[in-house]
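The values are calculated or read from the model by the stated rules, or taken from the named source; none is laboratory data. All values derive from a computational prediction rather than experimental measurement. Ideal geometry is used to build each Cβ from the backbone, glycine not excepted, and the neighbour counts take in all protein chains shown. Remember, those area values only see protein heavy atoms, side chains included, never the ligands or the DNA or RNA. Shrake-Rupley method; radii C 1.70, N 1.55, O 1.52, S 1.80 Å.
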Amino acid sequence: MQEFIVGIDEKPFRAAQLLKWIHQYGVSDFNAMTNLSKDFRARLHEIAVIRAPAVIQDELAADGTRKWLLRLDDGNCIETVFIPETGRGTLCVSSQAGCVLNCTFCSTGHQGFSRNLNTAEIISQLWLANAALGGNPNGGRVISNVVLMGMGEPLLNFSNVVTAMRLMLDDFAYGLSRRRVTLSTAGVVPMIDELRKTCAVSLAVSLHAPNDALRDQLVPLNKKYPINDLLAACRRYAYGRERQSRAAKITFEYVMLAGVNDSLAHAQELTALLSKVPAKVNLIPFNTFPQTNFRCSPWGSIDRFREVLLKAGLITVTRKTRGEKIDAACGQLAGRIRDRTRRRERMMSVPVNFQ
Ligand code: SAH
């Protein structure tokens, strides 16, 4: 913003004013920006525009979860989800139209991949949700947390995601603390190191299996970055982030798939694996979608699995499923994207190579 402002021969401090108008007051009309001179406003009006993707569907579930379907300029549609809880409100943001990773249990993966979202398309999800929820910087904040856990693999769209996250953290924009912005990745190891160096927000890792043989099948990216390399990167992240003595815990996500990864032996293997990482575990009940044969583990198995982890001293919570009636739960986001990968024709056994 400062570069843009300086580029049109205005004083750099105007950048902060503009950011506040746009992101804190949600104003999209330059004329309403009353602390800017009339000439400057007219100039901005000529050369710039503030707008967000069109909301083409807005659904509210009985539990308060709200999902927006947004249409981008090129016709791709993406989804954003708001999850209210006592004491906080979490917005789940998409980073790509579709996803290249093809995790076998995920609906987004089944849709294929179209493209990366640009910074504006990522931050507009927060901008739009704030406006829709009546976000007001002077009152309580409706959106207290942001998770990059929507459609796409955020670390494969690194620079746009980081720029958007910097706005989330910026005092002149959304002013969220690093603890309240969480990026979830399937494990793009070199980019985890980059993130540690450039924008060390909270990290969540989609593990889903305690050994390579099984993880190769569920998360094909594992063939490129196996578990040992991934956990080494997680350790660097946990210890590198906070210079003080206490390491920041990494959240490991583990989807509960009946008869696949949910036995007590898997739980013990997972416990041993995570013993060397500052970790907490999120068990995610599998959310179904039309093209899948996977089933969610029975509640009893999830509880027993959790007990094993808890007994070993691992903080473990079972993620409450929210908004599944409106297909807003983890792994159900599909949007309507133009698949450029022709995945269905090429089948699932594509070699994993993204760089
Ligand atoms: N690509 C990133 C961001 C997606 S986050 C990542 O893999 O972390 C979405 C989370 O929901 C991930 O942990 C993902 O593995 C999980 N998930 C995907 N499909 C799911 C499903 N059908 N049921 C429950 N969780 C699912």
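Key figures for this structure:
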read-out: Qualifying residue in the stretch 27-48 (condition: open to solvent by 60 Å² or more (accessible area, probe 1.4 Å), basic (Lys, Arg) and not in a loop (DSSP other than H, G, I, E, B)); value: yes
read-out: Failed item in (1) buried (at least 17 other Cβ atoms within 10 Å of the Cβ); (2) within 30 Å of residue 14 (Cα to Cα), with residue 103 passing the rest; value: (2)
read-out: Residues that are touching a Ser or Thr at 6+ places or on another chain (Cβ under 9 Å) and open to solvent by less than 10 Å² (accessible area, probe 1.4 Å), drawn from the stretch 256-283; value: 256, 257, 261, 279, 281, 283
read-out: Members of the stretch 62-83 found to be within 16 Å of the ligand (Cβ to nearest atom), open to solvent by 10 Å² or more (accessible area, probe 1.4 Å) and more than 17 Å from residue 319 (Cα to Cα), listed by number; value: 67, 79
read-out: Matching residues in the stretch 84-96 - criterion: being open to solvent by less than 20 Å² (accessible area, probe 1.4 Å) and either over 10 Å from residue 153 (Cα atoms) or outside the structural domain of residue 69 (by TED's automatic domain parsing) (or both); value: 89, 90, 91, 92, 93
read-out: Hits in the stretch 100-130 - residues which are within 22 Å of residue 327 (Cβ to Cβ), of a type in the set (Ser, Thr, Tyr) and outside any loop (DSSP other than H, G, I, E, B); value: 107, 108, 114, 124
read-out: Among residues of the stretch 309-342, those that are out of contact with any Leu (no Cβ under 8 Å at 6 or more places or on another chain), assigned to a loop (DSSP other than H, G, I, E, B) and not hydroxyl-bearing (Ser, Thr, Tyr), counted; value: 17
read-out: Residue, nearest to the ligand (Cβ to nearest atom), within the stretch 111-132, restricted to residues that are closer than 17 Å to residue 328 by Cβ and open to solvent by 30 Å² or more (accessible area, probe 1.4 Å); value: 111
read-out: Where residue 146 falls short, out of the listed (1) farther than 24 Å from residue 186 by Cα; (2) buried (at least 20 other Cβ atoms within 10 Å of the Cβ); value: (1)
read-out: Options 17, 24; residue that is in contact with a Pro (Cβ under 6 Å, 6 or more places away or on another chain) and open to solvent by 20 Å² or more (accessible area, probe 1.4 Å); value: 24
read-out: Breaking point among (1) away from the ligand (no atom under 15 Å from the Cβ); (2) surrounded by 15 or more Cβ atoms within 10 Å (Cβ to Cβ); (3) at pLDDT below 95, for residue 304; value: (3)
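Condition check ((1) at pLDDT 95 or above; (2) within 13 Å of the ligand (Cβ to nearest atom); (3) at positive phi) across all residues:
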| site | (1), (2), (3) |
| --- | --- |
| 149 | yes, yes, no |
| 161 | yes, yes, no |
| 170 | yes, no, no |
| 175 | yes, no, yes |
| 180 | yes, no, no |
| 184 | yes, yes, no |
| 190 | yes, no, no |
